[in-house]
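Novice: Have a look at this one.
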Amino acid sequence: MTLLFTDIEGGVRLWEADRDAMAAASARHDRIVRERIEAFGGHVFKTVGEAHRAVFADPVAALSSAVAIQRAVGAEPWASSLPIRVCMALHSGACTERDGDYVGPVVNRTARLLDVGHGGQVLVTAAAYALLAHRLPGGIGLRDLGEQRLRDLGRAERVFQVTGSGLAEGFGVLRSLDDPALRHNLPSQATSFVGRAVELAELRALVSGGSRLVTIAGPGGIGKSRLALQLAAGALDGPRDGVWLVELAPVTEPDLVTRTAAAALRVSEAPGRPMLDALIDAIGDRDLLLILDNAEQLLGAVAELAAAVIRSCPRVCLLVTSREPLGAGGEHVFRVSGLTVPPADLAAPDRLAAFESVQLFAEHAALHRRDFVLDDANAAAVAAICVRLDGIPLALELAAARLGSLSASEINARLDQRFRLLTTGNRTSLPRHQTLRALIDWSYDLLSSEERTVFDRLAVFAGGWTLDAAEAIAPGGDVADWQVLDLLAALVGKSLVQAEVIRGATRYRLLETVRHYAAERLTLRAGSDASGVRAAHRDHYDLVRDSRIPGVTR
């Protein structure tokens, strides 16, 4: 099927200028778009503000509809103060329908193509071009605009512009990542961005609302860096002086944090002058977004840098990714969890495809097994994999990589041995992102000995637990009773333990993958630590049970 997305250029600014006049113009625009979509057999499945999303069975009908809309909008006598100009994007591919809406990579790609166009312009992807090139309506052409890096940071897209009588010409360069007017150093990504619409909207609101230091915190492999990069790509039209990424993952020495940031911003070192002073002076009152990525191993140095920048550079916004918050003044902590997962018993392919974890797994599965499709034969296994891996993107990618030699059902059957199974990561990634074990090893190695002891002992909880339960099983050896609360809080802060308030009471839990890891560590502990913890766990719940039975005391 072919998707046609439309939106008004500058719609928000027009509304702010004259609401009554814009309301009338908006209603007229809506009629023009809908009538011409329906006239060519299309269906508007979603509207967001002034934007329309439509689906067509025939790509030629979609193209004809787009041309008809542009011609009608161009011929309409809009008020000179309210010039309606519509940007359009066409893309073809397989989509998943659920409850009248469409989801999946094709939908996301169409939206990103729309983002880079101009009012009055109709853009077409290479996939749609392949279906249209030999079936073009009379007088309509497709001009090759070359490869463009869209703002999902995925692979470059070959883009074409629709030309013909009654269509506007003379547009500027596309507002893609290749636009020289957009100042940034954002890297390309091998795959497209999946899901996270809610998180992106919340982060945009934080940044645009004046939060100058935002830390995206969460477990390893949860997608913090990719989320930050996607937010940055979408913000390129905002900060006048650009968006800049500081990659801290390879940095091991605190003294190199400021130098790494200076290098990203192309600030040269001045002899005899502290690097921080040179960086602060170079930034000055520049309006920019600065991303400090992978800060967990250098929290103190990153916090000091962030504090200095916030204090001295009034127009800078800092976005930090870390498994643990910086603990700096004015820091807004944004916790990230896994991608949405389906109910464990859902096995309907058309409904499963609406969940972000399934979309990510399917996209990566196709990289390793060309004929992979989500169908009745594998739907239950895929759902189980996504649930058991807690929707953690990196874990799902590692599982999908096994499809070169195993079926989805065979992968699911072996997830009890997930640390042996999920070991075939991208060799060009950081070492800690190449296997599932290495991912958690990195976080574990950053713990104190007391934190490790408590973390290991928490593996005895198959589900969630309360603070009272933790205080019953965690003390012993180098951990005193009074330390448990602080150590548990530290593990929550480091994103290894999840905490949520339910009916006014806090309950804690480990992600399943993390619990498997902790259980292995507990088993390897010297002496009788594992058996002692299990006995303490049994005694605690025996006491809880007995306290609920009338007439029983202990």
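The values are calculated or read from the model by the stated rules, or taken from the named source; none is laboratory data. From a predicted model like this one, the values you see are computed outputs, not experimental measurements. No Cβ is skipped: glycine too gets one built from the backbone with ideal geometry, and neighbour counts run over all protein chains shown.
Novice: Would you mention how many residues in region 476-499 are touching a Ser or Thr at 6+ places or on another chain (Cβ under 7 Å) and modelled with pLDDT of 90 or more?
Specialist: 3
Novice: Given the options 252, 258, name the one that is of a type in the set (Ser, Thr, Tyr), outside any loop (DSSP other than H, G, I, E, B), without any contact (Cβ under 8 Å) to a residue 60 or more places away in the chain and not assigned by TED's automatic domain parsing to the domain that holds residue 395.
Specialist: Selected residue: 258, the only one of 252, 258 that is of a type in the set (Ser, Thr, Tyr), outside any loop (DSSP other than H, G, I, E, B), without any contact (Cβ under 8 Å) to a residue 60 or more places away in the chain and not assigned by TED's automatic domain parsing to the domain that holds residue 395.
Novice: Yes or no: residue 477 surrounded by fewer than 19 Cβ atoms within 10 Å (Cβ to Cβ) and on the phi > 0 side of the Ramachandran plot?
Specialist: yes
Novice: To continue, here is another question. Under 8 Å between Cβ atoms, which residue pairs at least 6 apart in sequence (or on different chains) link something in region 69-95 that is over 13 Å from residue 119 (Cβ atoms) with a partner that is crowded, with 22+ Cβ neighbours inside 10 Å and among the polar types (S, T, N, Q)?
Specialist: 90/2; 90/110; 90/125; 91/2; 91/110; 91/125; 92/2; 92/125
Novice: Could you tell me whether region 326-336 includes any residue that is closer than 23 Å to residue 284 by Cα, out of contact with any Phe, Trp or Tyr (no Cβ under 6 Å at 6 or more places or on another chain), free of Cβ contacts under 8 Å to residues at least 40 places away in the same chain and of a type in the set (Gly, Ala, Ser)?
Specialist: Yes; the residues of region 326-336 include at least one that is closer than 23 Å to residue 284 by Cα, out of contact with any Phe, Trp or Tyr (no Cβ under 6 Å at 6 or more places or on another chain), free of Cβ contacts under 8 Å to residues at least 40 places away in the same chain and of a type in the set (Gly, Ala, Ser).
Novice: Something else now. When you check residue 136 against the structure, is it among the hydrophobic types (A, V, I, L, M, F, W, C), surrounded by fewer than 18 Cβ atoms within 10 Å (Cβ to Cβ) and out of contact with any Ser or Thr (no Cβ under 7 Å at 6 or more places or on another chain), yes or no?
Specialist: yes
Novice: When the residues of region 152-168 are filtered to those that are in a loop (DSSP other than H, G, I, E, B) and touching a Ser or Thr at 6+ places or on another chain (Cβ under 7 Å), which remaining residue is surrounded by the most Cβ atoms within 10 Å (Cβ to Cβ)?
Specialist: 152
Novice: Tell me which residues, restricted to region 232-246, are surrounded by fewer than 24 Cβ atoms within 10 Å (Cβ to Cβ) and closer than 23 Å to residue 337 by Cα.
Specialist: Passing the criteria: 233, 234, 235, 245.
Novice: Being crowded, with 24+ Cβ neighbours inside 10 Å and of a type in the set (D, E, K, R) narrows it down to one residue among 457, 437; which is it?
Specialist: When all the criteria are applied, what remains is 457.
Novice: Now a separate question. Which one is farthest from residue 101 (Cα to Cα) among residues in region 33-55 that are hydrophobic (A, V, I, L, M, F, W, C) and assigned to a helix (DSSP H, G or I)?
Specialist: The qualifying residue farthest from residue 101 (Cα to Cα) is 39.
Novice: Turning to a different aspect of this structure: For region 207-231, enumerate the residues that are of a type in the set (Ser, Thr, Tyr) and buried (at least 22 other Cβ atoms within 10 Å of the Cβ).
Specialist: Of everything in region 207-231, just one residue is of a type in the set (Ser, Thr, Tyr) and buried (at least 22 other Cβ atoms within 10 Å of the Cβ), namely 215.
Novice: So in region 299-337, with the set limited to residues that are assigned to a helix (DSSP H, G or I) and under 15 Å from residue 224 (Cβ atoms), which one is modelled with the lowest pLDDT?
Specialist: 299
Novice: Return a yes/no flag: does region 289-297 have any residue that is in a loop (DSSP other than H, G, I, E, B), of a type outside the set (A, V, I, L, M) and surrounded by fewer than 16 Cβ atoms within 10 Å (Cβ to Cβ).
Specialist: Within region 289-297, not a single residue is in a loop (DSSP other than H, G, I, E, B), of a type outside the set (A, V, I, L, M) and surrounded by fewer than 16 Cβ atoms within 10 Å (Cβ to Cβ).
Novice: Take the residues in region 121-140 that are free of Cβ contacts under 8 Å to residues at least 60 places away in the same chain and in a loop (DSSP other than H, G, I, E, B), then tell me which one is nearest to residue 167 (Cα to Cα).
Specialist: Among those residues, the one meeting the criterion is 121.
Novice: Among the residues of region 480-491, how many are surrounded by fewer than 20 Cβ atoms within 10 Å (Cβ to Cβ) and in contact (Cβ under 8 Å) with a residue 24 or more places away in the chain?
Specialist: Of the residues in region 480-491, 2 are surrounded by fewer than 20 Cβ atoms within 10 Å (Cβ to Cβ) and in contact (Cβ under 8 Å) with a residue 24 or more places away in the chain.
Novice: Quick one: how many residues across region 442-500 are part of a loop (DSSP other than H, G, I, E, B) and under 29 Å from the mean Cα position of the chain (by Cα)?
Specialist: Number satisfying all stated conditions: 9.
Novice: So which of 216, 222 is assigned to a loop (DSSP other than H, G, I, E, B) and within 30 Å of residue 436 (Cα to Cα)?
Specialist: Step by step, each of 216, 222 is checked, and only 222 is assigned to a loop (DSSP other than H, G, I, E, B) and within 30 Å of residue 436 (Cα to Cα).
Novice: If the Cβ limit is 8 Å and pairs must be 6+ apart or interchain, which residue in region 492-511 that is at negative phi and without any contact (Cβ under 8 Å) to a residue 12 or more places away in the chain pairs with which residue that is of a type outside the set (Lys, Arg) and surrounded by fewer than 19 Cβ atoms within 10 Å (Cβ to Cβ)?
Specialist: 499/492; 499/506; 500/506
Novice: Examine region 316-326 for a residue that is of a type in the set (D, E, K, R), in the same structural domain as residue 229 (by TED's automatic domain parsing) and within 30 Å of residue 240 (Cβ to Cβ), and state whether such a residue exists.
Specialist: no
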